[in-house]
Amino acid sequence: NAGVTQTPKFRVLKTGQSMTLLCAQDMNHEYMYWYRQDPGMGLRLIHYSVGEGTTAKGEVPDGYNVSRLKKQNFLLGLESAAPSQTSVYFCASSYSSRGGIRDQQYFGPGTRLTVT
Amino acid sequence: GIQVEQSPPDLILQEGANSTLRCNFSDSVNNLQWFHQNPWGQLINLFYIPSGTKQNGRLSATTVATERYSLLYISSSQTTDSGVYFCAVLHNYGQNFVFGPGTRLSVLP
């Protein structure tokens, strides 16, 4: 089992460029999440998905779009990157989110994005 | 929304010392997890502990849900314990976790 993987690991973008971050999990988890972590801060939820074909907004969704076309993949898109989106992006997945050990989240290694 | 606070924000220990990290939350939760983010940025699950006490080696955690706090104990600390410790809670009726700001732990040799 690879667990949760993220592609790419590092990326530098110029302001206005677009890119897509890919998250893949091989644990058959229903729930997937995208977080961002800024220096000295905790993680903030961008978007999440409770199953294939569904997405929902988290705490800081502006400037991002997501898609969950396949159960194992969750894509995060930046259509027009801004310096404020410089951050480390983490993907996570879990079986559920309704209470119980199956809610336990497993994290990918992160993607470090710099927007100049 | 639910608020999550962690204390202390920073902690410096000598190797071998014990420590207690605290997580307070402002409303009922049905899930609480502790994570360790190592100096390389990797996030590692430590405990799933919505209530009660659990132990795993030198680490243990206690959550008192009725009083809305959780404690993470680290005994006989090692330099490899360094990093940031986060608690994350799932609010009742919520579908996503809210993370605390973290406690940065530095264990000196």
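List of remarks:
- For segment B:44-64, the count of residues that are touching a Lys or Arg at 6+ places or on another chain (Cβ under 6 Å) and either open to solvent by 20 Å² or more (accessible area, probe 1.4 Å) or over 23 Å from residue A:35 (Cα atoms) (or both) is at least one.
- Checked against the criteria, residue B:76 counts as at pLDDT 95 or above, more than 14 Å from the chain's Cα centre (by Cα), farther than 27 Å from residue A:95 by Cα and outside any strand (DSSP E or B).
- Taking the criterion of being within 14 Å of chain A (Cβ to nearest Cβ) and open to solvent by less than 20 Å² (accessible area, probe 1.4 Å), the residues of segment B:7-28 that qualify are B:21, B:23, B:25.
Conditions (1) within 17 Å of residue A:41 (Cα to Cα); (2) assigned to a strand (DSSP E or B); (3) touching a strand residue (DSSP E or B) at 6+ places or on another chain (Cβ under 9 Å), marked per residue:
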position	(1), (2), (3)
B:13	no, yes, yes
B:17	no, no, yes
B:22	yes, yes, yes
B:30	no, yes, yes
B:34	yes, yes, yes
B:39	yes, no, yes
B:53	no, yes, yes
B:60	no, yes, yes
B:70	no, yes, yes
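- Sole residue being among the aliphatic types (A, V, I, L, M), within 23 Å of residue B:47 (Cα to Cα) and surrounded by fewer than 17 Cβ atoms within 10 Å (Cβ to Cβ), chosen from A:41, A:32: A:41
- Residue under evaluation residue A:82, criteria (1) farther than 15 Å from residue A:111 by Cβ; (2) surrounded by 15 or more Cβ atoms within 10 Å (Cβ to Cβ), criterion not met: (2)
- In segment A:2-29, residue farthest from residue A:112 (Cα to Cα) [restricted to those that are aliphatic (A, V, I, L, M) and open to solvent by 70 Å² or more (accessible area, probe 1.4 Å)]: A:2
- When restricted to residues that are modelled with pLDDT under 95 and open to solvent by less than 20 Å² (accessible area, probe 1.4 Å), segment A:50-78 contains 1.
- Among (1) open to solvent by 30 Å² or more (accessible area, probe 1.4 Å); (2) under 24 Å from residue A:6 (Cα atoms); (3) in contact (Cβ under 8 Å) with a residue 24 or more places away in the chain; (4) of a type in the set (Phe, Trp, Tyr) - the single one residue B:40 does not satisfy: (3)
- Of all the residues in segment A:15-56, those that are in contact with an Asp or Glu (Cβ under 6 Å, 6 or more places away or on another chain) and assigned to a strand (DSSP E or B) number 2.
- Residue count, segment A:51-69 (criterion: within 18 Å of residue A:85 (Cβ to Cβ), among the hydroxyl-bearing types (Ser, Thr, Tyr) and within 13 Å of chain B (Cβ to nearest Cβ)): 0
The values are calculated or read from the model by the stated rules, or taken from the named source; none is laboratory data. Just so we're clear, the structure is a prediction, and the values are computed from it rather than from any experiment. Using ideal geometry, Cβ is built from the backbone for each residue, glycine included, and neighbour counts are taken over all protein chains shown. All accessible areas refer to the heavy atoms of the entire protein, side chains included, with ligands and DNA or RNA removed. Shrake-Rupley method; radii C 1.70, N 1.55, O 1.52, S 1.80 Å.
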